[in-house]
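Inspection log for the structure reproduced underneath, given as structure tokens.
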Amino acid sequence: LIGMSVISGTILSLTSWLIPIKLPHLFTTNTNIIHAMRRLAPFLSLTLLSHPCIIVMEGILLAKRELSFLAKSYIANVSFLALGFYALSKFYNFSALACAWGCLIGFQVMLFWNF
């Protein structure tokens, strides 16, 4: 299962990176939106690279009824996510959208580390 999730994550990641970079006009002709899509494409790509594998590991923990471990890890991760979002927006002047994608990547890295 993990091997299949790595393959699907890689395909999703490459697709989500290539479409905004190579074919942005599929979505819009507005140059500001195209520029924002190109800036955020690496964040989206990294997020989708890890997401399928994390979902598989989470499913394995759910099947084993490790609910207390999942609850504790999600409480800790969401706390760090909120703190990270605040720090990125306050101290580094990132846009809210870049903060959200950056924190989602951090959230998934922490989940991957926990599982």
- request: Please work out if Ala41 is open to solvent by 30 Å² or more (accessible area, probe 1.4 Å) and of a type outside the set (D, E, K, R).
  value: no
task: Identify, from the list Gly9, Gly59, the residue that is surrounded by 18 or more Cβ atoms within 10 Å (Cβ to Cβ), in a helix (DSSP H, G or I) and at pLDDT 85 or above.
output: Gly9
query: Could you list, in sequence order, the residues of region 68-94 that are loosely packed, with under 14 Cβ neighbours inside 10 Å, among the hydroxyl-bearing types (Ser, Thr, Tyr) and either outside any helix (DSSP H, G or I) or touching a Cys at 6+ places or on another chain (Cβ under 6 Å) (or both)?
result: Tyr92
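The values are calculated or read from the model by the stated rules, or taken from the named source; none is laboratory data. These numbers were taken from a predicted model, which means no experiment stands behind them. Don't worry about glycine lacking a Cβ; one is built from the backbone with ideal geometry, like all the others, and counts go over all protein chains shown. Just the protein is used for accessible areas: all its heavy atoms, side chains included, with ligands, DNA and RNA removed. Shrake-Rupley method; radii C 1.70, N 1.55, O 1.52, S 1.80 Å.
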